Every structure is written in structure tokens, then in C-alpha cells.
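The values are calculated or read from the model by the stated rules, or taken from the named source; none is laboratory data. Keep in mind that this is a model prediction, so the values were computed, not measured. No Cβ is skipped: glycine too gets one built from the backbone with ideal geometry, and neighbour counts run over all protein chains shown. These accessible areas exclude ligands, DNA and RNA; they are computed on the full protein's heavy atoms, side chains included. Shrake-Rupley method; radii C 1.70, N 1.55, O 1.52, S 1.80 Å.
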Amino acid sequence: MPRRCIINGGIKLRYFCDIVVVGAGPGGCMAAKHAAKKGANVILIEKKSEIGAPLRCAEGISKRDLTDLGIELDPAWISSSIKGAVIRSPSGIAIQLNERGKGPEVGYILERHLFDKYLAEEASIAGAKIMLRTGCTGVLKNENEKIVGIKARSMGEKIEIYAKCIIAADGYESQVGRWAGIDTSVNPDNIDTCVQYRMTNVAFETSVCEFVVGSMAPGGYIWIFPKSHNVANVGIGIMASKCKHKADPKYYLDKFIREDSRFKNGQILEMTCGMVSTVPGLEKTTMDGLILVGDAARMIDPITGGGIAHACKSGKFAGNVSAACLEKMDFSKEALEAYEKMWRDDMEDKLYRDWIIKEKFTALSDDKLDRVIKRVKNLSIKEINAQNLLEVIKENIPDLIAELEGS
């Protein structure tokens, strides 16, 4: 129960817990669940009035990631099952990928608002207390500059939540890390701005995800992700520094839709906008009494822009590590180093490789992209991912590597 305290003549609610988690997306819910399962007193706050909405995600996740995370499939939050993928070059040359070779990027298209609610329910069952319409407004520190909790506004009322550790899962726009003293800034060349439409009455393959690369999406790509037999997520991510015209993703997405006959009768049911970072994680994701997870720690794949699985994994790591620290009553940066090791061992190398490859491929002209896809099209690749693609190019068409290096 909260305590009512008189502060400067006014009454303020104060809450006390072991761990406060800021943000009830996949990372925050997984952190709250795993910390609570191990006996921690957890408060999970969410600034919005509904978990999982509004949507800002293409909603793809791989079968492998769900299995690795131990998340049991529920048909309620599976929108469609993906059997293959197509990567399309600027001139329309396509690499067709079947389920065996498509790699780990997509296995299902989710109903994200239901998936997030499912994860929140799991956190609640484990014992976490969920507070909606509760947004963090600052970090509380004592006279020794030690973090002791957060300031927040809940249902319009100022409150304080005192905790031994903060897990910041407050997304791309994360403020908690910056307020605490971690540099979370990103170079503009490592930010993609995105727009997505949920469209109906369009023609597409219902079990195949499509990715279109080239100058129609400068520094990024266009995606078509099936939601049902006649509804798809159609979106774009672009890098402003690569744009020769407007640095406006909607401009490029609308142009693509106008020029593709599959969309001539299409209608937009929903529109979402956002930004994603394309860096291989932050150099520092912990400090005394604080852990950053998911998008707040810049754990987004630099090539695909996907972040659901990374958020879930890092949230799970954060929950387990914070619960272990609670047993020892030690939330120092040294104690939280176990979290740094877990997430870096699991994903940092791949994030860094994908960032390097992203830097190379976003520098290619449309002509070079066409040549790469045309020459790779008939090669045998055991599984399509950025690293395997680069290795096959190096082995079979080494002159392309020279072009990449010179780009």
C-alpha cells in the first residue's frame, strides 16, 4: 500500500518496492515477470492507458526467438504464420526465400497489442503490480547522489516510487537513462524514421514477407507484412542523411504505393509513425541501481530494425539479475555487470556485425544493389542472414566485396 506523506504543505503518495520497471512493453513485462517470479516486490508502470497501444511496430518475430524465450504460442496473438520471404531489388529482381532458408528474422506476424497484454498478464501472475497512466518524470537520488527511485505522475497525481533498482524499459525515446546519467544519444546517421500503414484491399502473398531495398527507401527498406488474407502492414524506414529529396518517410511510402499496381484499390485502416536506432547497443547499459533494456539500450537490429526479441531477452536477463542482486542486497554497477555480460554474450556480436553490414549496404547505389541481388539470387545459402550473405558473396563473387569496401 502507498504511504501518504505531507511535503511542503501538500500530500504526496509514496510507493515502496524492491524493483520498479518503467515501461510495459515486451522488455519491461519480461523484466517484471522474471524478477517477481524470484520473489522480488515489483512495480511495473506504463504511461499509456492501454498496454500495447498505440502500435508502433511491424509486428514480426521469429519462431526460434519465441522458443528460446520459452514463450508458449497463443493463437490469440498470432496474426499470420510466415512460410517465406522475398527481398526485392530497385529494378524488381527478387530473391525468393523458403521457410528453410529465410533465416531468423520472421516466423510470425503478431497482434502486438494482444502479445504485449499477454506478457503483462504473465508479469501480473508472477506477482508484479501494474500501474497504468503512470509516467516517469525523473529519477530520485539521495544526498550522496545514489539512485533511490523515480518521480512519476499517476492518473494526474504526482507520486514517488522508492526502489532498490530501476529497470528502464521506456523505449526509443528513453529518458530514464539520461536522467540517471547515462549517455543515450544517437548520431542522426544511425536513426531511421518510419511510417507504417495497415492497409486493406491490396494484393500480396499471405504467407510471405516482402522487403524492397534501394533509393525508394533511402538508407532503409520498404516492408509488406501480411496480417490476414486482405490486410497487411505496409511500411518504410529511411535515413534522413541518404535522402536526395524530402527527409519524409511518408513521401517515399506514398510514392511507392502510387507506383505499385498491387495497391491501386488499397485503403488505409491505420497509420503509425516512429523512429528506430541502428546502432549495436549502448556502450554502457548499467550503473548503480539502474538497468537499461530493449530499445532504451539501443538493442535494435541495425539491418532489420527488429527489436521485439531483443527487448524480451534483455528484459528476462534484467529480471533475473536484479532478483539475484536482491538476495545479496547489492545493486552496485559491479553487481549488475552480470547483466552486461548476459546481453552482450547473447547478441552484441550480431548487432555489431549487422551494423557494419548496414553501413556498407546503405552506401550502395541502385545499380550496385541490383548487381548484388542478381548475382546472389542463384547461390546456395544455408540460411539467409546478413553474415551468411556476406560470406557467400566473399567466397563466390569476391569482386563484389571490393565494390562494397569501396562504397
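Quick one: would you say TRP223 is closer than 19 Å to ILE19 by Cα and aromatic (Phe, Trp, Tyr)?
So TRP223 fails the test.
Please go through the range 263-282 and give me each residue that is out of contact with any Lys or Arg (no Cβ under 7 Å at 6 or more places or on another chain), modelled with pLDDT of 95 or more and under 18 Å from ILE191 (Cα atoms), ordered by number.
Residues satisfying the conditions do not exist here.
Within the range 213-225, can one find any residue that is hydroxyl-bearing (Ser, Thr, Tyr), in contact with a Phe, Trp or Tyr (Cβ under 9 Å, 6 or more places away or on another chain) and open to solvent by less than 50 Å² (accessible area, probe 1.4 Å)?
yes
For the range 235-255, which positions are touching an Asp or Glu at 6+ places or on another chain (Cβ under 6 Å) and either loosely packed, with under 15 Cβ neighbours inside 10 Å or of a type in the set (S, T, N, Q) (or both)?
Hit for the range 235-255 is SER241, nothing else.
Evaluate the range 254-265: report whether one residue or more is without any contact (Cβ under 8 Å) to a residue 12 or more places away in the chain and among the basic types (Lys, Arg).
yes
Given the condition touching a Lys or Arg at 6+ places or on another chain (Cβ under 8 Å) and either over 20 Å from GLU59 (Cβ atoms) or aromatic (Phe, Trp, Tyr) (or both), answer yes or no: does some residue in the range 288-311 qualify?
Yes, some residue in the range 288-311 is touching a Lys or Arg at 6+ places or on another chain (Cβ under 8 Å) and either over 20 Å from GLU59 (Cβ atoms) or aromatic (Phe, Trp, Tyr) (or both).
Write out, first by first residue and then by second, each pair whose Cβ atoms fall under 7 Å of each other, whose residues are 6+ apart or on separate chains, and whose first residue, in the range 190-203, is among the basic types (Lys, Arg) while the second is open to solvent by 30 Å² or more (accessible area, probe 1.4 Å).
ARG198/LEU269; ARG198/GLU270
Name the residue that is modelled with the lowest pLDDT, counting only residues in the range 34-68 that are of a type in the set (Gly, Ala, Ser), open to solvent by 20 Å² or more (accessible area, probe 1.4 Å) and closer than 20 Å to TRP223 by Cβ.
ALA58
Quick check on my filter: what residues within the range 161-198 are more than 14 Å from the chain's Cα centre (by Cα) and of a type in the set (S, T, N, Q)?
Within the range 161-198, GLN175, THR184, SER185, ASN187, ASN190, GLN196 qualify.
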